[in-house]
Amino acid sequence: MRKPFVAGNWKMHGSKASILTLVTGLNAKSSEISGVDIAICPPTIYIDYTSHCLSADNIFIGGQNIAEEPDQGAFTGESSVEMLKDLGCQYVVLGHSERRTIYGESDSQIAQKVKVAMKAGVTPILCIGETLEERQSGVMESVIAAQLKAVLDVVGIAAFESVVIAYEPIWAIGTGVTASPAQAQEVHAFIRSELAVLDSTVAEKVIIQYGGSVKPNNAVELFSQPDIDGGLIGGASLDANDFMAICKAAGV
Ligand code: 13P
């Protein structure tokens with residue numbers, strides 16, 4: 001049995017005042033939630049502040065990006081996995097489509113970051129997903145397979161026991177258009193089958209989150225799909241009531 005996992009990707013949102021309000025709300029509601037792992041991923045600069053605000057012992061902290069270099073060095077503007085770990089991060093979102101498209105991160109850079117995170121003992125949340133054009137032109141599966149393969153080639157299938165995958169169809173991110181539960185399930189099953197070709201035990205264990213306009217009103221149906229093991233939540237993770245309702249939908 002896979003334990004569902006819900007993570008909030010705050011993206012570049014928040015201030016000390018708004019984070020205090022949000023995390024106070026999460027703290028207050030956290031005891032109502034069980035049977036689900038939960039993480040929140042603030043902007044790097046607010047990780048430390050967020051963890052000071054956080055008192056709920058069932059909510060963990062993650063980052064949204066790391067440098068390819070593991071430790072430290074002359075890399076102006078970057079933050080290393082060791083620095084995130086030092087601040088208490090257990091997870092890091094890697095390969096988000098916003099980083100792939102806006103910042104030009106390549107499959108090989110993402111694979112390197114996954115490797116560096118794993119070596120540090122920080123669990124990568126590896127984001128993969130297709131554009132609307134790729135879906136409509138019938139290349140969705142090959143795009144997703146290639147995104148997976150780039151990482152598998154570098155870290156190997158055994159490492160996927162400790163990688164979380166987030167399937168995020170780009171056309172559903174921040175648009176209010178959610179993949180239907182059946183559409184999402186189809187891709188999740190495909191991802192699991194791709195991994196099963198290499199190792200069926202690992203494939204059965206790997207957590208595959210769905211991300212893209214998950215809201216309290218669609219979470220239950222999405223999370224009831226057999227291969228959807230929770231979600232990576234953007235906009236709705238900025239509201240304590242909405243995020244906790246989504247976590248509850250994934251839990252027991
Ligand atoms: P939304 O939930 O705002 O669509 O964002 C999804 C996402 O990109 C999470 O990483």
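Every read-out reported here was derived from the displayed coordinates using simple, explicitly stated rules and does not represent laboratory data. For clarity, every value in this text was computed on a predicted model and none was experimentally measured. Here Cβ is always computed from backbone atoms with ideal geometry, including for glycine, and neighbour counts include all displayed protein chains.
Data table
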| quantity | calculated |
| --- | --- |
| Test: G25 is small (G, A, S), at positive phi and surrounded by fewer than 23 Cβ atoms within 10 Å (Cβ to Cβ) | no |
| Enumeration of residues in the range 45-63 that are in contact with a helix residue (DSSP H, G or I) (Cβ under 7 Å, 6 or more places away or on another chain) and either assigned to a loop (DSSP other than H, G, I, E, B) or farther than 18 Å from G25 by Cα (or both) | L54, S55, A56, N58, G63 |
| Residue in the range 100-111 that is within 30 Å of S31 (Cα to Cα) and surrounded by fewer than 18 Cβ atoms within 10 Å (Cβ to Cβ) present | no |
| Residues within the range 240-252 that are away from the ligand (no atom under 11 Å from the Cβ) and surrounded by fewer than 21 Cβ atoms within 10 Å (Cβ to Cβ), tallied | 6 |
| Search result, residues across the range 172-220 that are within 11 Å of the ligand (Cβ to nearest atom), closer than 22 Å to G251 by Cβ and of a type in the set (S, T, N, Q) | T178, Q209, S213, N218 |
| Set G129, G174: member being surrounded by fewer than 17 Cβ atoms within 10 Å (Cβ to Cβ), under 18 Å from the mean Cα position of the chain (by Cα) and either closer than 23 Å to G62 by Cβ or polar (S, T, N, Q) (or both) | G174 |
| Residue that is farthest from the ligand (Cβ to nearest atom) [pool: residues in the range 153-171 that are under 15 Å from the mean Cα position of the chain (by Cα) and aliphatic (A, V, I, L, M)] | V163 |
| Of all residues in the range 97-113 being part of a helix (DSSP H, G or I) and within 16 Å of the ligand (Cβ to nearest atom), the one that is farthest from F5 (Cα to Cα) | T101 |
| Verdict on G121 being touching a residue at least 60 places away in the same chain (Cβ under 8 Å), in a loop (DSSP other than H, G, I, E, B) and either out of contact with any helix residue (DSSP H, G or I) (no Cβ under 6 Å at 6 or more places or on another chain) or small (G, A, S) (or both) | no |
| Positions within the range 124-138 being touching a residue at least 60 places away in the same chain (Cβ under 8 Å) and either assigned to a loop (DSSP other than H, G, I, E, B) or more than 25 Å from E69 (Cβ to Cβ) (or both), in sequence order | G129 |
| Residue that is among the hydroxyl-bearing types (S, T, Y), more than 24 Å from I102 (Cβ to Cβ) and away from the ligand (no atom under 12 Å from the Cβ), where the choices are S137, S224, S142 | S224 |
| Those residues of the range 74-96 which are surrounded by fewer than 22 Cβ atoms within 10 Å (Cβ to Cβ) and in a helix (DSSP H, G or I), in sequence order | E82, M83, K85, D86 |
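Residue-by-condition table, conditions (1) loosely packed, with under 14 Cβ neighbours inside 10 Å; (2) farther than 28 Å from Q90 by Cβ; (3) in contact (Cβ under 8 Å) with a residue 40 or more places away in the chain:
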site: M140; (1), (2), (3): no, yes, yes
site: D153; (1), (2), (3): yes, no, yes
site: G156; (1), (2), (3): yes, no, no
site: F160; (1), (2), (3): no, no, yes
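For every residue, the table says whether it meets (1) β-branched (V, I, T); (2) closer than 22 Å to M12 by Cβ.
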{"position": "A67", "(1), (2)": "no, yes"}
{"position": "T76", "(1), (2)": "yes, yes"}
{"position": "V93", "(1), (2)": "yes, yes"}
{"position": "S97", "(1), (2)": "no, yes"}
{"position": "G104", "(1), (2)": "no, yes"}
{"position": "Q112", "(1), (2)": "no, no"}
